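The values are calculated or read from the model by the stated rules, or taken from the named source; none is laboratory data. Please read these numbers as outputs of a predicted model, since none were measured by experiment. When we count neighbours, we look across all protein chains shown, and the Cβ atoms used for this are built from the backbone with ideal geometry, even at glycine. For the accessible areas, the whole protein counts, side chains as well, though only heavy atoms, and no ligand, DNA or RNA atoms are used. Shrake-Rupley method; radii C 1.70, N 1.55, O 1.52, S 1.80 Å.
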Amino acid sequence: MERSLSVLLPVQNAQSTLAEAVLDLLEVLPELTSHFELVIVDDASQDATIEVADELAARYPQITALRHATPKGRLAAIATGLGQSHGDVILLQDADCAVASDEI
């Protein structure tokens, strides 16, 4: 793929699954394009989801972590991610990885 890719990952209370989901994506995305970003939007989680997202963002420059201070819902999280993404192609991915990363 010659185009840049933005992967939007709206999450809520995903502390226990987020790191694994992101690491799976980081394995696959470089095979698709060398220009990609992963935008994590935490919709006011009650657990440590934002801390996990911030840690991943500090470790990997391709990741941006955003947070809603109050719950706004999945569509608002997607809109926030779209507003901060820069890719030519947008991929919406669930934190539970309903679509396996190796099928992307």
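Using only alpha carbons, build the gyration tensor for region 4-103 and give me the equivalent ellipsoid semi-axes, biggest first, whole Å.
Rounded to whole Å, the semi-axes are 20, 15, 12.
Shape verdict for region 16-56, please, from the Cα gyration tensor: rounded (a/c under 1.5), prolate (a/b greater than b/c) or oblate.
prolate
Per residue, how large is the accessible surface of the chain? Use a 1.4 angstrom probe and give square angstrom.
55
Considering only protein heavy atoms and a 1.4 Å probe, what is the carbon-and-sulfur percentage of the accessible area of the chain?
49
Show me the ranking of peptides 35-42, 73-80 by mean Cβ neighbours inside 10 Å, starting with the highest.
Descending mean neighbour count gives 35-42, 73-80.
What do you reckon, how do H86, H68 stack up by accessible area (1.4 Å probe), largest on top?
If we order H86, H68 from most to least accessible, we get H86, H68.
When the dipole is taken about the Cα centre of the chain, and only Lys, Arg (+1) and Asp, Glu (-1) are charged at their Cβ, what size is it in debye, to the nearest 20?
With Lys and Arg at +1 and Asp and Glu at -1, about 440 debye.
Rounded if a/c is under 1.5, else prolate if a/b beats b/c, else oblate: with a ≥ b ≥ c from the C-alpha gyration tensor eigenvalues square-rooted, which is region 30-79?
It is oblate, given that a/c is not under 1.5 and a/b is not larger than b/c.
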